[in-house]
Structures are given as C-alpha cells and as structure tokens.
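The values are calculated or read from the model by the stated rules, or taken from the named source; none is laboratory data. Keep in mind that this is a model prediction, so the values were computed, not measured. We place every Cβ from the backbone using ideal geometry, glycine too, and count neighbours over all the protein chains shown.
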Amino acid sequence: MNKVSPSVMCIDMMDLKHQLEALDQAHVDLYHIDIMDGHFVPNYCLNGDLMAAIRKVSDTPMDVHLMVTNPTEFIEYCADRGADIITLHLETLDHPIRALKQIRALGKKAGIAINPATDIGQLKYMLEFIDLVCVMTVDPGFAGQTLIPSSYEKITAIRSMFTEAGYDVDIMVDGQVKEETAPKLVAAGANVLVLGSSGLFCHDPSEYPEVISKYQNL
Ligand code: DX5
Ligand code: ZN
C-alpha cells in the first residue's frame, strides 16, 4: 500500500480547515509542508506557525520539505512545531550524515531530498541514516511544472541501492504526481506520493476518498 501526502501549498488557504477535514476523512497518510526561503528556491511558502495550527486540528503526521539554504538551523524549529518527518536537500548540506543524525536524535524521521540534476552516488554512503528519500521530479519551488523523465530511472536506481544493501526506505516522489504519472512512478519504486493541484485538488472534496484510495492501492 502506498502512502499519500497532499501538498498543503496547493490547498486553497481560504478553505484550509474544511479541506483538512475532508482529507482526514479520506485517510491521507501525511501532510506535505513545503518551506521555502526565497534563496535556495525563488519562492516563499509555508512556515512553522501554519504547521502548529494544523497540528491543533489534525493528528495526521506531517512531512516537512525544507527548501532553504541553511536547513540544519531549522531542524529543531520543525520538530517543535509538529513535524514527524524532516526532509533536507542534499544540495544544501556540507555534512549530511551529521544532519540526519540530528533529526533522528529528536525522535523524528530523517529525509533527504534530491533535485532532478543531482547525482545519487553520495546516497550509498549514508543508507543507514536515511528513513526517506524525496525524489524531486521538477526543480523545486513551484507547483504545476513539467515532470523530468529521467526521474523514473532515478527512482529505480535508488530503490535498488537500498534493497541491495538490505535497507527498507520510503521513496517519496514530489512534483506532478497525477493519474497519468503515478502508476509509472510506483512501478519504478516510489511508495510515498505527494499530491498537488493536478493530482488531487482538481477534484471536488466529495471525491477525495475514492481518489486517495486509488493512489494508495496502485
Ligand atoms: C514543489 C513542491 C511540491 C509541489 C507539487 O517545489 O515541493 O510539493 O507542490 O505540486 P505539483 O504536483 O503541482 O507539481
Ligand atoms: Zn515539496
């Protein structure tokens, strides 16, 4: 069974509480929280205050995708505001293993995100420290871009790397996960699907249970 993580940046903020209720009733597995600094990526997005507010109305775990230049300064910040999984970009880390250990030391799951053009070679030296790999299928920063096709083989290569070394890992896929792409992404080895406007929020909330369960059962 796959896990689904609706991308909160794609929710209509004027309708947030109602949308969260509908998503919880549809048994989503996680909420995907995009945090951007206007520096690592050319955009701003969600923040810890919003995470804390979500935590007050929902028990669904949150995964935070930190798209910032100095992510290690925000690990505790995210943990204190209700994050369950904290994902940092490999491109931003001088000492990735130290950062992953810092996350686990706070009792949270440690994730590594990788941009489409980033080589996955470094991962083989840190397999035992990683709970989740977030494979970006688009350059991060904006919803609604075009999926970069090499993402499929990259997912397969990451899955093999972990499996061959005897490690189980969650492989999250972020960017353009929708009806047309999701089956291929899952077949490639992904098991956590970030759903944005074209994958989920194009549907009426009354359709969420059916749509979510379809993705979970791919
Ligand atoms: C991109 C964000 C994604 C985005 C996905 O930087 O991390 O979470 O919201 O949206 P879609 O699926 O529309 O590309
Ligand atoms: Zn994201």
Output the residue which, of all residues in region 19-43 that are more than 15 Å from D59 (Cα to Cα) and away from ligand 1 (no atom under 12 Å from the Cβ), is surrounded by the fewest Cβ atoms within 10 Å (Cβ to Cβ).
H39
Is it true that some residue in region 80-91 is farther than 21 Å from V169 by Cα and within 14 Å of ligand 1 (Cβ to nearest atom)?
no
Checking the structure you have, find out if any residue of region 136-156 is surrounded by 21 or more Cβ atoms within 10 Å (Cβ to Cβ), within 16 Å of ligand 1 (Cβ to nearest atom) and assigned to a loop (DSSP other than H, G, I, E, B).
yes
If only one of L185, L123 is of a type in the set (A, V, I, L, M), away from ligand 2 (no atom under 16 Å from the Cβ), assigned to a helix (DSSP H, G or I) and surrounded by 19 or more Cβ atoms within 10 Å (Cβ to Cβ), which one is it?
L123
Go through region 165-182 residue by residue and tally those that are part of a loop (DSSP other than H, G, I, E, B), more than 10 Å from ligand 1 (Cβ to nearest atom) and either at negative phi or of a type in the set (A, V, I, L, M) (or both).
6
Take region 87-118 and flag every residue that is assigned to a helix (DSSP H, G or I), surrounded by fewer than 18 Cβ atoms within 10 Å (Cβ to Cβ) and of a type in the set (G, A, S).
A105
Top-ranked residue of region 70-86 - restricted to ones that are touching a strand residue (DSSP E or B) at 6+ places or on another chain (Cβ under 7 Å) and in a loop (DSSP other than H, G, I, E, B), ranked as surrounded by the most Cβ atoms within 10 Å (Cβ to Cβ):
A83
Note down all Cβ pairs under 7 Å where the first residue falls in region 188-212 and is over 18 Å from G144 (Cα atoms) and at pLDDT 95 or above, the second is part of a helix (DSSP H, G or I) and within 14 Å of ligand 2 (Cβ to nearest atom), and they're at least six residues apart or on different chains.
V211/L200
Among the residues that make up region 42-52, is at least one of them more than 16 Å from ligand 2 (Cβ to nearest atom), not basic (K, R) and not in a helix (DSSP H, G or I)?
no
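Residue by residue, here is whether (1) aliphatic (A, V, I, L, M); (2) out of contact with any Asp or Glu (no Cβ under 7 Å at 6 or more places or on another chain); (3) within 30 Å of D94 (Cα to Cα) holds:
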{"residue": "D119", "(1), (2), (3)": "no, yes, yes"}
{"residue": "A182", "(1), (2), (3)": "yes, yes, no"}
{"residue": "A190", "(1), (2), (3)": "yes, yes, yes"}
{"residue": "H203", "(1), (2), (3)": "no, yes, no"}
{"residue": "S206", "(1), (2), (3)": "no, yes, no"}
